[in-house]
1. Carbon-plus-sulfur fraction of the accessible area of the chain, 1.4 Å probe, in percent?
2. Which shape class applies to the stretch 238-347: rounded if a/c is under 1.5, otherwise prolate when a/b exceeds b/c and oblate if not, where a ≥ b ≥ c are the square roots of the Cα gyration tensor eigenvalues?
3. What are the equivalent ellipsoid semi-axes of the stretch 292-334, built from the alpha-carbon gyration tensor (square roots of five times its eigenvalues), in whole angstrom, biggest first?
4. I'd like to check one number: the per residue accessible area of the chain, probe 1.4 Å, reported in Å² as a whole number.
5. About the Cα centre of the chain, what is the dipole size in debye to 20, counting +1 per Lys and Arg Cβ and -1 per Asp and Glu Cβ, all else neutral?
6. If all Cα-Cα distances of the stretch 309-360 are sorted into 5 Å bins from 0 onward, what percent lands in each bin, rounded to whole numbers?
7. Full-extension gain between residue 68 and residue 196, please, as 0.36 nm times their residue separation minus the C-alpha to C-alpha distance.
8. With 23 Å as the limit, write out which pairs from 130/247; 18/276; 89/294; 89/276; 18/89; 247/294 have Cα-Cα distances beyond it, or answer none.
Amino acid sequence: MRYSRDMIGYGEQTPDPKWPGGARIAVQIVINYEEGGENSIEHGDAASEAFLSEIIGCQPWPGQRHWNMESIYDYGARAGFWRLHRLLKDVPVTIYGVATALERAPEQVAAMQAAGWEIATHGYKWIDYKDIPREVEAEHIAKAVELHTRVTGERPRGFYQGRTSMNTVALGSEEGGFEYLADSIADDLPYWHVHNDRPQLMVPYTMDANDMRFSSGQGFGTGGEFFDYLRDSFDMLYAEGQAGAPKMMSIGLHCRLAGRPGRAIAVQKFLEHARKHEGVWFATRLDIARHWAKTHPWQPRLRPSQMGREEFVETFGSVYEHSPWIAERVWDGEMGSVHDTAAGLAARMAQVFRSASDEERLGVLLAHPDLAGKLAAAKRLTADSTAEQASAGLDSLTDAERSDFDQLNTAYVEKHAFPFIIAVRDHDKPGIMAAMRRRLDNDTATERNEAERQVSRIGELRLQQMLESN
């Protein structure tokens with residue numbers, strides 16, 4: 001089984017985005033323009049809209065128009081947009097514009113363009129694509145691009161569907177003309193997503209620093225709560241940037257929600273707070289996407305989870321000494337992006353090793369050569385073992401040192417019935433000799449556990465050599 005989700009991302013150490021001017025944080029504000037593109041009988045839909053409004057818990061009205069719902073959306077176009085425009089016209093903003101909504105908003109579109117805002121596509125209609133057939137959604141994306149281009153004069157470079165299906169990101173990648181997709185809330189930084197061997201840049205969005213939570217039962221109740229959350233999010237990310245790990249902060253606004261007076265003031269207060277700090281880069285999503293693509297272009301890398309079985313076993317079958325069955329069982333199990341790193345693949349291989357029978361695990365121990373033993377002298381070690389022993393100087397022993405190793409190896413095997421095993425790259429020659437003398441006194445059960453632990457550590461170090469240098 002191949003697990004499709006990426007549960008590791010950048011891991012503990014995030015890349016330096018190198019924001020322009022050495023900025024400590026990139027702040028990206030989105031205004032969703034959906035009014036006129038929502039579900040409505042008048043738009044040819046089967047029922048009225050029920051999502052993201054003042055009417056919490058509202059249900060669609062099949063076959064009927066909903067006057068209150070329509071007037072809530074109308075407020076966003078008539079008043080809310082202009083209030084947000086007054087607050088943000090001097091700030092780089094990205095519009096998520098539903099194509100059919102933009103077509104019904106010529107004056108708002110002109111104002112967006114006059115402000116220099118990016119207008120990304122928010123799909124053809126503001127509807128839920130969960131149950132929409134793949135081919136229909138693909139047709140809607142194509143229609144969105146075509147209509148967007150006619151309305152604004154240029155094709156969209158970014159795409160955010162919002163109410164997605166499991167096909168949305170794949171379809172956005174396949175469309176081929178988007179510099180970024182935004183249907184992700186998986187990170188605080190852009191990242192590359194690979195679909196059908198083609199890299200697609202993702203610029204993640206937000207559902208927490210988002211006024212949509214005014215329309216949910218446990219979201220924001222007041223503008224003050226919204227401002228507090230935006231401020232605290234900014235302060236945490238700004239501190240991370242000061243500490244050397246800058247991030248981006250996305251903020252999601254909706255004309256009919258944040259455009260209300262008691263909420264718009266939270267946006268105003270946030271701008272005032274952010275502007276008091278040095279090193280804040282306000283940017284559109286397209287600005288961020290183009291910066292990231294230039295600064296951190298896609299780099300192909302070895303992806304074990306994407307290998308065929310034969311290639312995987314050929315590549316990793318020697319990680320556990322003369323025991324390709326471990327690689328075979330790893331491949332036969334669940335694999336995903338977490339196994340494309342040295343740490344992740346090492347953990348899975350160790351899990352398979354620990355799950356093996358007692359006889360199989362002992363066989364792995366017995367496959368290991370003596371340190372500085374006869375096989376080494378005869379140059380019959382595997383390439384991995386040869387390099388490891390050489391790293392600690394075991395290939396250039398004095399006669400006295402070789403005699404000591406021979407005596408210790410013999411005594412160890414006579415007592416425990418398997419060779420002394422240690423992750424050589426973790427030690428120097430004196431340290432290895434001291435460990436041999438110390439561990440010779442262990443009982444066999446204790447030493448068996450330690451030997452198996454060292455086998456897993458050797459595998460981890462070998463995978464680091466293979467994957468982190470790739």
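The values are calculated or read from the model by the stated rules, or taken from the named source; none is laboratory data. Here the structure is a predicted model, which means the values were calculated and not measured. Every residue, glycine as well, gets a Cβ built from its backbone with ideal geometry; the counts of neighbours run over all protein chains shown. Quick note on the areas: whole protein, heavy atoms, side chains included, nothing else; ligands and nucleic acids left out. Shrake-Rupley method; radii C 1.70, N 1.55, O 1.52, S 1.80 Å.
1. Working: 10740 of 21890 Å².
The C+S portion of the solvent-accessible surface of the chain is 49 percent.
2. Note, shape of the stretch 238-347 comes out prolate.
3. The equivalent ellipsoid of the stretch 292-334 has semi-axes of 29, 11, 8 Å.
4. Details: 21890 Å² over 470 residues.
The answer is 47 Å² per residue.
5. 1000 debye
6. Histogramming the stretch 309-360 at 5 Å steps yields 4, 22, 33, 28, 9, 3, 0 percent.
7. That pair, residue 68 and residue 196, stretches by 41.6 nm at full extension.
8. Beyond 23 Å between Cα atoms: 130/247; 89/294; 18/89.
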